[in-house]
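A short worksheet on the structure shown next.
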Amino acid sequence: MKIKTRRYYVYYIACVAGFSIAILPLRVGLFLAELAGKISYALLEKGRKVTLRNLRDAFPEKSDREIEGIAKGVFVTLCRNAVEWLNIYKLTKKNLDAWITSEDFKKIDEAYSKGNGVLILASHFGNWELSSFCFTLKGYKSTAIARRIYFDRYNNFIQKMRASKNVNVVYRDESPKKFLRILRKNEVLGLLADQDMDSVGGVFVDFFGKPTYTAKAPVTIAMASKAPLIPLFVIRGPKKHRLIIEDPIEIEIKATKEETIKYNTQKWTRLLESYIRKYPDHWVWMHKRWKTKPEAEK
């Protein structure tokens, strides 16, 4: 009961803080976000330690000073994401290019022409939520596979924000048949699959030189639906974001279904790692990505 009561307190405090940020000009909010990120890095000891440990494991060649600089950047990036999220009501079709630009949507149109829907593979990289808004504001009917938050007020708030930009949501614990129906209607279905979630099916692939438990849903859904699997990344620039839409991941068939899933999961994981190496402060390093261990290590 105490935990539940605390959640309500945090929720109402967040509402007041969020409203205060939302009424400010975006540039002012982003300036405050940088300060908030640095303060969060100093105060949130648990998240800071996990971030530093993960970064040192992933980049053993970097000095402590470089690692700490990246870690602070991670916290600043997430605070900036939060400020932009609170200001999302200001985002419209007319000012979309002032927020985020992309010249790669011809790849989406080419995928559409095949009639099997489009499966978008995003990750917790940059301001990933902007990508779904970008699709709907450009006229694509889009649905996101989301993780259910088991506190109604938080969940409803996020749902309303997404719905305000016509982003539909299905939850990852729903039937896969629901996902396939969306693709069969030749619509866009997006998902994130870059975190350690032992509650979903996965395989171990190499990620920064470590065996890493990785969701197999992107590949299995692509195999079942024949929808093109298209990775994308949102890169934060000095003034606005850039949406990079990669070429579809070609699903290569191996001797067995299990080999096919693992091989192609490794392909997109390798692509994700290449982007994280270029922009290490864009990814959520405070997540315990290597929590699940292979049976041989247990």
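The values are calculated or read from the model by the stated rules, or taken from the named source; none is laboratory data. Since the structure is predicted, the reported quantities are computational estimates derived from the model, not experimental observations. Note that each Cβ is placed from the backbone with ideal geometry, even for glycine, and that neighbours are counted across all protein chains shown.
Here are a few things to note about the model shown:
- Some residue of the range 24-44 being assigned to a helix (DSSP H, G or I), surrounded by 14 or more Cβ atoms within 10 Å (Cβ to Cβ) and modelled with pLDDT under 90: no
- Boolean, residue 139 is over 19 Å from the mean Cα position of the chain (by Cα) and not assigned by TED's automatic domain parsing to the domain that holds residue 5: yes
- Residues that are over 24 Å from residue 94 (Cβ atoms) and assigned to a strand (DSSP E or B) within the range 144-156 comprise 145, 146, listed in sequence order.
- When residues of the range 176-208 are limited to those that are farther than 21 Å from residue 262 by Cβ and β-branched (Val, Ile, Thr), the one farthest from the chain's Cα centre (by Cα): 182
- Among the candidates 57, 64, 104, residue that is touching a strand residue (DSSP E or B) at 6+ places or on another chain (Cβ under 9 Å), surrounded by fewer than 20 Cβ atoms within 10 Å (Cβ to Cβ) and outside the structural domain of residue 275 (by TED's automatic domain parsing): 57
- Some residue of the range 107-116 being surrounded by 14 or more Cβ atoms within 10 Å (Cβ to Cβ), aliphatic (A, V, I, L, M) and in the same structural domain as residue 270 (by TED's automatic domain parsing): yes
- Residue in the range 223-245 that is in a helix (DSSP H, G or I), at pLDDT 95 or above and buried (at least 18 other Cβ atoms within 10 Å of the Cβ) present: yes
- Those residues of the range 121-170 which are polar (S, T, N, Q) and either farther than 22 Å from residue 286 by Cβ or exposed (fewer than 14 other Cβ atoms within 10 Å of the Cβ) (or both), in sequence order: 132, 136, 142, 143, 156, 159, 164, 166, 168
- Odd one out for residue 263, checked against (1) outside any loop (DSSP other than H, G, I, E, B); (2) buried (at least 19 other Cβ atoms within 10 Å of the Cβ): (2)
- Scanning the range 32-83 for residues that are of a type in the set (D, E, K, R), closer than 21 Å to residue 207 by Cβ and without any contact (Cβ under 8 Å) to a residue 40 or more places away in the chain yields 49, 53, 56, 61, 62, 66.
- Residue satisfying condition, being among the acidic types (Asp, Glu), touching a strand residue (DSSP E or B) at 6+ places or on another chain (Cβ under 8 Å), surrounded by fewer than 13 Cβ atoms within 10 Å (Cβ to Cβ) and touching a residue at least 12 places away in the same chain (Cβ under 8 Å), within set 206, 194, 173, 198: 198
- One residue from 256, 269, 265 being over 19 Å from the mean Cα position of the chain (by Cα) and either assigned by TED's automatic domain parsing to the domain that holds residue 51 or of a type in the set (S, T, N, Q) (or both): 256
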